[in-house]
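Taken together, the values in this text are just the output of simple stated rules run on the coordinates, not laboratory data. Since the model is a prediction, treat every value here as computed from it, not as a measurement. Glycine gets a Cβ as well: all are built from the backbone with ideal geometry, and neighbour counts include every protein chain shown.
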Amino acid sequence: MLFDSHCHFDFPALQQAASQYLQDAKAHGVAAMLVPSVSREQWPQVMHCQTHLRDSSTNKPLDFYYALGLHPCFLEQHQDAADLAALDAALSIRSKHCVAVGECGLDWRLADQPIAEQSIKARQIQLLQGQLDLAKRHQLPVILHAVHCHAELLAQLKLAKLPQAGVIHGFTGSYEQAMAYIKLGFYIGVGGAITYPRALKTRRTVARLPLTSLLLETDAPDMPLHGFQGQVNTPAQIARVFLELCALRHESPEQISQTLWQNTLRCFQIEMH
Ligand SMILES: [Zn+2]
């Protein structure tokens, strides 16, 4: 049983053949999925994914969860103050399937132009702080997007002192960086990056981290695996990410799959039989 802890199932690339992708996912051992959101506009679609998952299941349906948030790469779609207020309201009346705030975080790849830099970074930090506050108020974990920003993000998380922590999704970075998040109670999201032979640092890191701090994810339809570049990534690919993780670790595949499943439930406070 695998849990895809980060799949953008609401994106058009997956929605155009949703039933097929779900069937494939189930055939590859995916038993549960968490769909984070990127903008307020997407929230209804993310919540709506649930219907798809139910309708297309002939036998056992996939367990479905979602998160509401404002992604740092979609700044042009956000009205920061209004959207944060709307997020607060939406979280107040959330269903039990809404298990996190996210996807939020920092991405400083695009903040390189000297003039734009300050405003992009400042806006991203403000949006992040707003969402960390809401996570605290609503007692939810956060799903964090972290690109070229580990020092700043760690500083923000230390200040925020979240009771439920969350996950650093699609982690790439060093062992020391990962351990700094783990010390704050965060999980590390392991995705397609580890299938790239040249991603040596991340592969070595994931091999050494405590198994009890790892989650599996695809980030589909983005982040295609090695050998699948240029194609739509799908939740079924989690099986390959899992195999790659098994190759990097010394524990048995059974132990890895069971531990990661339990980690995901613990991270998102999901109660399941
Ligand atoms: Zn994502």
> Hey, quick one: spin label on Gln45, modelled 7 Å out along Cα-Cβ, who in region 1-22 has an amide N within reach, i.e. under 18 Å?
Replying inline: 6-22
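What is the chain's relative contact order, in percent, from Cα pairs under 8 angstrom and six or more apart in sequence?
Values: 526 pairs, mean separation 57.0, N = 273.
21 percent.
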>> Assuming a strict under-12 Å limit between Cα atoms, what lysine pair count do you get for the chain once near-sequence pairs (fewer than 8 apart, same chain) are dropped?
In response: 4
>> Beyond 28 Å, how much of the Cα-Cα pair distribution for the chain remains, as a whole percent?
In response: 30
